[in-house]
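Accompanying notes for the structure given below.
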Amino acid sequence: MPDIGAPQAATAHACDQRYFGALAEGRFEIPCCLSCARFHFYPRLCCPYCGSQELQWVAPSGHGTVYSVTIVRRAEGDYTVVLVDLDEGPRLMSRVVDMPVEQVRIGLAVRARIDAADEGPLLVFTASEEQA
Ligand SMILES: [Zn+2]
């Protein structure tokens, strides 16, 4: 009996592979719709706004704004879990690093950076230089 869900799942997985593959090569890229010109994240098979499957991977500016902050307290060091609104529109979950967690606040202008983490390349954010 054919598994109808399999090809779809395989392709969705390919979206993630495309994303993490670029990260591993030092590139932060997200899908942009060729039809309506909107970015989205996480990577999907078709545009969540207009349904088009004509997608192109584009490197966003990396600039964004902190939308929400959660501080995770751990013995080995506190860290933040943030939602960042990219200038291009998509909202994604990440961390703000290289600053005291108490200083990470909503509205903070941040910039994307790719860190090498134990589990692989990790997209993190640092405070933008402009507001220093
Ligand atoms: Zn679209």
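The values are calculated or read from the model by the stated rules, or taken from the named source; none is laboratory data. Just so it is clear, the structure is predicted and the values come from calculations on it, not from any experiment. Here Cβ is always computed from backbone atoms with ideal geometry, including for glycine, and neighbour counts include all displayed protein chains. These area figures cover heavy atoms from the full protein model, side chains too; ligands, DNA and RNA do not enter into them. Shrake-Rupley method; radii C 1.70, N 1.55, O 1.52, S 1.80 Å.
General observations
- Annotation note: Cβ proximity below 8 Å between a residue of the range 47-70 that is closer than 23 Å to GLU129 by Cα and a residue that is loosely packed, with under 12 Cβ neighbours inside 10 Å (sequence gap 6+ or interchain) occurs for THR65/GLY107; VAL66/ARG105; VAL66/ILE106; VAL66/GLY107; TYR67/ILE106; SER68/ILE106; VAL69/ARG105; VAL69/ILE106.
- Inspection of the range 74-87 identifies at least one residue that is closer than 26 Å to ALA24 by Cβ, loosely packed, with under 15 Cβ neighbours inside 10 Å and at pLDDT below 95.
- Within the range 18-37, if we keep just the residues that are within 16 Å of the ligand (Cβ to nearest atom) and out of contact with any strand residue (DSSP E or B) (no Cβ under 7 Å at 6 or more places or on another chain), the residue that is farthest from PRO90 (Cα to Cα) turns out to be SER35.
- LEU55 being in contact with a Ser or Thr (Cβ under 8 Å, 6 or more places away or on another chain) and either polar (S, T, N, Q) or open to solvent by less than 60 Å² (accessible area, probe 1.4 Å) (or both): no
Residues checked against (1) part of a loop (DSSP other than H, G, I, E, B); (2) within 16 Å of the ligand (Cβ to nearest atom):
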residue: PHE41; (1), (2): yes, yes
residue: PRO48; (1), (2): yes, yes
residue: GLN53; (1), (2): yes, yes
residue: TRP57; (1), (2): no, yes
residue: SER68; (1), (2): no, no
residue: ILE71; (1), (2): no, no
residue: VAL82; (1), (2): no, no
